[in-house]
1. For residues in the stretch 53-83 being over 15 Å from the mean Cα position of the chain (by Cα) and assigned to a strand (DSSP E or B), which is nearest to Thr109 (Cα to Cα)?
2. Is it the case that Glu50 is assigned to a helix (DSSP H, G or I) and at pLDDT 90 or above?
3. Could you check the stretch 24-47 and list, in sequence order, the residues that are modelled with pLDDT under 85 and surrounded by 13 or more Cβ atoms within 10 Å (Cβ to Cβ)?
4. Output the number of residues of the stretch 165-193 satisfying the condition of being in contact with a helix residue (DSSP H, G or I) (Cβ under 7 Å, 6 or more places away or on another chain) and among the aliphatic types (A, V, I, L, M).
5. Under 8 Å between Cβ atoms, at least 6 apart or on separate chains: pull out the pairs that start in the stretch 91-108 with a residue that is at positive phi and end on any residue that is assigned to a strand (DSSP E or B) and modelled with pLDDT of 95 or more.
6. Taking the condition of being part of a loop (DSSP other than H, G, I, E, B), among the basic types (Lys, Arg) and surrounded by 13 or more Cβ atoms within 10 Å (Cβ to Cβ), how many residues in the stretch 132-178 meet it?
7. Based on this model, can you work out whether Phe182 counts as in the same structural domain as Ser76 (by TED's automatic domain parsing), among the hydrophobic types (A, V, I, L, M, F, W, C), under 18 Å from the mean Cα position of the chain (by Cα) and at pLDDT 95 or above?
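The values are calculated or read from the model by the stated rules, or taken from the named source; none is laboratory data. On a predicted model such as this, the values are computed, not experimentally measured, just so you know. A quick note on method: Cβ atoms are made from the backbone with ideal geometry, for glycine too, and the neighbour counts reach across all protein chains shown.
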Amino acid sequence: MKRVASGIAIACLLAGSTPVVAQTAEDASAACTEAARLIGEEDFVGALDEAKWCVESLQQIKQQAMLTVFPDTVESFSGGELDNQSAMGMTILERTYSSSEGDVNVSLTTGVAGGGLAALAQLGMGMGAGSGKKMRIQKRTVLDMSDGGETQYMVQLKSGGMLNITSNDLNPEALLPFVKAFPIAELDDALAP
């Protein structure tokens, strides 16, 4: 009996370490089609299960599209490893770009938190946080939240997300060309529903 229990434990550990394979449009389409077929058969439990997989597949496809929009280089800066974290309907993508001038951190927050950050940034601007500058870059509103110690630009995306571009090494004037060169509109379009 102990061998069976330890075999099951090992199988669970191995299953947990299996890498997640990115979904394709065909996978999502098959799951959605199967959900519709099961509804027709009045198998609502099975249809709901397939519908959940359909939605999850579509979310994975959308997330893969976002990952491809983070460029490997911006101006003279080279991008490091892309960090991707998802939990409770929120996704945070982060990448640090480096050059001889210093480092720039780019962070994208989508989901519920993205809209909340935008509202907090607006509130902070009204209360005197940051330099108080608002500007338009690539048809998006950009807030200069720099406070003298850290240079920070927050970009309100039309899709509801929030893009944060920060640096401890560059002043606002030195970071601004990076912000203008970053593919903000392309990223925002990839996030659009």
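1. Applying the first criterion (over 15 Å from the mean Cα position of the chain (by Cα)) to the stretch 53-83 yields 53-57, 72-80.
Of the ones still in play, those that are also assigned to a strand (DSSP E or B) are 73-74, 77-79.
Details: Thr73: 20, Val74: 20, Phe77: 22, Ser78: 21, Gly79: 18 Å.
Across the stretch 53-83, the extreme among qualifying residues is Gly79.
2. Working: assigned to a helix (DSSP H, G or I): yes; at pLDDT 90 or above: yes.
Against the criterion (assigned to a helix (DSSP H, G or I) and at pLDDT 90 or above), Glu50 qualifies.
3. Once the filter is applied, which keeps residues that are modelled with pLDDT under 85 and surrounded by 13 or more Cβ atoms within 10 Å (Cβ to Cβ), the stretch 24-47 yields Thr24, Asp27, Ala28.
4. Residues of the stretch 165-193 that are in contact with a helix residue (DSSP H, G or I) (Cβ under 7 Å, 6 or more places away or on another chain), as a first pass: 165, 167, 183, 186-187, 190-191.
When the remaining residues are screened for being among the aliphatic types (A, V, I, L, M), the result is 165, 187, 190-191.
Matching residues across the stretch 165-193 total 4.
5. Correct list of pairs: Gly102/Ser167.
6. Residues of the stretch 132-178 part of a loop (DSSP other than H, G, I, E, B): 132, 138-139, 145-150, 157-161, 168-171.
In the following step, the residues that additionally are among the basic types (Lys, Arg) were identified as 139, 158.
Now narrow it down to the ones that are surrounded by 13 or more Cβ atoms within 10 Å (Cβ to Cβ): 158.
Residues in the stretch 132-178 being part of a loop (DSSP other than H, G, I, E, B), among the basic types (Lys, Arg) and surrounded by 13 or more Cβ atoms within 10 Å (Cβ to Cβ): 1 in total.
7. Working: in the same structural domain as Ser76 (by TED's automatic domain parsing): yes; among the hydrophobic types (A, V, I, L, M, F, W, C): yes; under 18 Å from the mean Cα position of the chain (by Cα): yes; at pLDDT 95 or above: yes.
For Phe182, the condition - in the same structural domain as Ser76 (by TED's automatic domain parsing), among the hydrophobic types (A, V, I, L, M, F, W, C), under 18 Å from the mean Cα position of the chain (by Cα) and at pLDDT 95 or above - is met.
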